[in-house]
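Note sheet for the following structure.
Values quoted throughout were computed directly from the atomic coordinates according to the rules given, and no laboratory measurement underlies them. Since the structure is predicted, the reported quantities are computational estimates derived from the model, not experimental observations. Positions of Cβ are backbone-derived with ideal geometry, glycine not excepted, and every protein chain shown enters the neighbour counts.
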Amino acid sequence: MSDPRTADIVYLPRWRPRGSRAGLHRGRDAGGSGPFRDQVPFLQLPDARRIDLRATLRDPFEGVHVRRFEARTAVETWVLVDLSASMGFRGTADRTRLTGDLCRALAVSATRISDGFGLIGCDETLRDDLTLPATRHRGAAVAAAERVAGAPRTGRGCAGMLEAARRLAGRPKLVFLASDFRWPEALIAQVFAALAPHDTVPILLADPAEAEALPAFGLVELDDLEGGGRRVVLLRPSLRRAWIARERDRIAALERAAAPFARRVFQLAGRFDAQALTRHLMTT
């Protein structure tokens, strides 16, 4: 069985990138040896190697025409990782492992096609010790993904995510935002708005044990991983239904907040599936 961490994730940015760095994505500029784009007068593109004899002979004004081709350009692919304590929850899924698998697979997939890969870890602050500027060096990208995968999840909140989003100012980038999104609604709105110039993919780290796996009746010990303390709750069918409904409402609210600024939310639960993520990226 192939390692899911090194499986290819295929993605296409929503925009045509500019730039001189060669890659595999269809760029906005002309040049290189990509697909045929159009024909232009020789004076607009004075390159004798690209003269189109047929177009030149057909021109009644005896103008010389050359062929232009699309440039293939690289993009920067970034992952912003939530390192708050709630991301350390382990139920039927292990969020730490899932996040690590996601980061490794993206690091390999991006560098394999000459895209830059960058990574930022966040809790209450932006974690400079777990930040990697965009690089095309696969070893450095995978090493950074490994560090984030092994980092403790102890932060009380994820306010640093807003600073991380603002740090990505400049040319549009492909940004994967990996979190359980148990943030204040105001912070969610601010982060998505700050990432609006980019092609943003929200990755929701979900776990059925947080809702559907709750017993219909009985005592349950609940632990707030971000400092809210521990308490024992007597679950009964009505409370369980209300709990599940609230969780569904939370996810629906996240999707509404993301809709004006990002792609549809992708739920990652149970195990990492590169093919499912690829299908999501190619259809949203």
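Key figures for this structure:
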read-out	value
Potential extension, residue 283-residue 69 segment - 0.36 nm per residue separation minus Cα distance	74.4 nm
Amide H within-cut-off set for residue 66, under 5 Å, with H built and near neighbours excluded	40, 42, 52
Residue 166-residue 273 FRET efficiency (beta carbon distance; Förster radius 25 Å; 0.05 resolution)	0.20
Vicinal HN-Hα couplings computed from phi for the range 259-276 (Karplus, 6.51 cos²θ - 1.76 cosθ + 1.60; Hz; Gly/Pro x)	3, x, 10, 9, 6, 5, 5, 9, 8, 10, 8, x, 8, 7, 10, 5, 5, 5
Amide proton proximity set for residue 130, modelled H, under 5 Å, gap of 5+	121
Residue 58 versus residue 250: modelled label distance in nm, points set 7 Å from Cα along the beta carbon direction	6.2
Residue 37-residue 140 pseudo-label distance in nm [points 7 Å out on the Cα-to-Cβ vector]	3.0
Karplus (6.51, -1.76, 1.60) ³J(HN,Hα), θ = phi - 60°, over the range 115-129, in Hz, Gly and Pro reported as x	7, x, 10, x, 8, 9, x, 9, 10, 5, 10, 6, 8, 5, 6
Projected label distance in nm at residue 125 and residue 187, using a 7 Å step from Cα toward the beta-carbon	1.5
Amide H contacts of residue 118 (H built 1.01 Å from N, under 5 Å, at least 5 apart or other chain)	77, 78, 79, 135
Backbone HN-Hα couplings from phi across the range 65-71 [Karplus 6.51/-1.76/1.60, Hz, Gly and Pro as x]	10, 10, 8, 10, 10, 6, 7
Computed FRET value (nearest 0.05) for residue 48 with residue 10, which takes r as the C-beta separation and R₀ as 30 Å	0.20
